[in-house]
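The structure appears below as structure tokens.
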Amino acid sequence: MRLPRSNRLQALESYPFAVINEKVAELRARGIEPVDFGVGDPRTPTPEIVREECKTALDRHATSGYPPYKGSQPYREAVAAWVKRRFGVELDPETQITSTIGSKEGIFNFPLAYVNPGDVVLCPTPAYPPYVRGTQFAGGSCYFLPLLAENDFLPDLDAVPEAVARKAKILWLNYPNSPTGAVATLDFFKRTLEWGRERGILVVNDEAYSEISFQDEPHPSILQAGIEGALSFQSMSKRSAMTGWRIGWTAGDTDAVLAFREVKTNIDSGTPWFIQDAAIAALQDDAHVKAMVKEYRIKRDLLADTFVGIGLPDCRPAATIHFWQRVPEGMDGLTFAQRLVEPGVAVVGTPGAWISDPAPDGGNPGHSYVRFSLVPTIEETQTACARIKANASKLLA
Ligand SMILES: Cc1ncc(COP(=O)(O)O)c(C=O)c1O
């Protein structure tokens, strides 16, 4: 049966990923295996201590029962302990932390707590799509804040018209930032939180990559700037290679956490007990995180040195698993990505424009970029780098 899809679904724009996907399929048909930096799903195995804890927890929860919507008490306490240890911030697990089924679920559903039709949500661009999609599904509209190299990929809040700010309920931030790899300082968080408080706008930072940082100092959390009016979304996916386990949390402003819980009680029935227990084990161990960051750093440097070696700017990210490479002067990201998937090179990246929405001035901040996600192995990355070097003249022509 073919029913017309809802207006909401029909209104969504999809990007022409087919152009690159077709080329990748052609390569495979010719027996050429591309090195795929296109999809940001880490292939590192989940640490053994986490998998072992999950096996034991399965038996511990032999009689299942629905888990609490807000997350089990031990899980929320483990989150509070981790936030205290990592950021020095004291949170009440009863009222200031709630579990999510991965941060995508939380980010997408959160606007339902506050956004009415006609309300505005301030969204960065380029950015992780659920900030926009969650806003649209809640009936709100997005005002885009372009992340530009000249502003260190931070939003320019002075450029937001006061009339827009007055209608805004939420400001989404994402530092460390995907896809630009940019970082923020505690001072930036303090200034932004103050800006939000003055205007009655919740400042929400997606902190999925807070642990994947190549800086000497650990990356700050928005919660270090203050709890009132601030919220962080955290994820176990990248920190502990648990993308398939679907667990994260949101923490901060009491009213926002409680409002979000109210939304969630109508949508889902919590994260499985044994996954929460496994996440507790992951949060209590830092060694696996250090080892993973070391590997990402090697891949980041291999790629950065290769691009610099062929004459492109040094776009080495300060954090995250993403690499936002500026393409040759006068070329656009799509052209560069298409040249990279030609048979002699066979390297897959995502054209920046496909993951960026146009800014209020009409320009697309991703136009001159290609995103590479550092998910292939070190050996695969070396192969990709060798092919890029060998084909430099064709890529840059
Ligand atoms: C910026 C950002 N936030 C959140 C997520 C989603 O994390 P989770 O797996 O917890 O849903 C991703 C996943 O790629 C991401 O890139």
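The values are calculated or read from the model by the stated rules, or taken from the named source; none is laboratory data. Keep in mind it's a predicted model, so treat the numbers as computed, not measured. Glycine gets a Cβ as well: all are built from the backbone with ideal geometry, and neighbour counts include every protein chain shown.
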Only residues in the range 33-45 that are modelled with pLDDT of 90 or more count as the first member; pair them with residues that are crowded, with 20+ Cβ neighbours inside 10 Å and not hydrophobic (A, V, I, L, M, F, W, C), Cβ under 6 angstrom, at least 6 apart or cross-chain, and list the lot.
-> VAL35/PRO376; PHE37/GLY349; PHE37/SER373
Give, as residue ranges, the helices (runs of 4 or more DSSP H) completely inside the range 15-91 that count at least 2 residues that are not assigned by TED's automatic domain parsing to the domain that holds ILE222.
-> 18-29, 48-60
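Residue-wise test of (1) within 19 Å of LYS264 (Cβ to Cβ); (2) under 20 Å from the mean Cα position of the chain (by Cα).
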{"position": "GLY102", "(1), (2)": "yes, yes"}
{"position": "VAL120", "(1), (2)": "no, no"}
{"position": "GLY134", "(1), (2)": "yes, yes"}
{"position": "ALA149", "(1), (2)": "no, yes"}
{"position": "LEU157", "(1), (2)": "no, no"}
Picking from GLN234, GLN325, GLN284, which residue would you name as being closer than 27 Å to THR46 by Cα, buried (at least 19 other Cβ atoms within 10 Å of the Cβ) and either modelled with pLDDT of 95 or more or in contact with a strand residue (DSSP E or B) (Cβ under 6 Å, 6 or more places away or on another chain) (or both)?
-> GLN234
For the subset of the range 104-152 comprising residues that are within 13 Å of the ligand (Cβ to nearest atom) and of a type in the set (Phe, Trp, Tyr), which member is nearest to TRP354 (Cα to Cα)?
-> TYR128
Could you please let me know if GLU162 is more than 16 Å from the ligand (Cβ to nearest atom) and under 23 Å from ASP361 (Cβ atoms)?
-> yes
GLY88 vs. criteria at positive phi, small (Gly, Ala, Ser) and touching a strand residue (DSSP E or B) at 6+ places or on another chain (Cβ under 8 Å) | no
Is at least one residue of the range 250-264 within 15 Å of the ligand (Cβ to nearest atom), outside the structural domain of LEU303 (by TED's automatic domain parsing), more than 23 Å from TYR143 (Cβ to Cβ) and in contact with a Gly (Cβ under 9 Å, 6 or more places away or on another chain)?
-> yes
Residue selected from the range 356-384 under the condition buried (at least 20 other Cβ atoms within 10 Å of the Cβ) and part of a helix (DSSP H, G or I), by the criterion nearest to the chain's Cα centre (by Cα) | THR381
Is there a residue being within 15 Å of the ligand (Cβ to nearest atom) and surrounded by fewer than 18 Cβ atoms within 10 Å (Cβ to Cβ) anywhere in the range 27-39?
-> yes
How about the range 350-397: which of its residues are touching a Phe, Trp or Tyr at 6+ places or on another chain (Cβ under 8 Å) and farther than 19 Å from PRO179 by Cα?
-> PRO360, ALA384, ILE388, LEU395
Please find, within the range 312-329, the residue that is nearest to the ligand (Cβ to nearest atom) out of those that are charged (D, E, K, R) and within 17 Å of GLU150 (Cβ to Cβ).
-> ARG326
Output for the range 59-85, where each listed residue is at negative phi and within 16 Å of the ligand (Cβ to nearest atom) = TYR75, VAL79, TRP82
Every listed condition ((1) modelled with pLDDT under 95; (2) in contact with a helix residue (DSSP H, G or I) (Cβ under 9 Å, 6 or more places away or on another chain)) holds for TYR66 save (2)
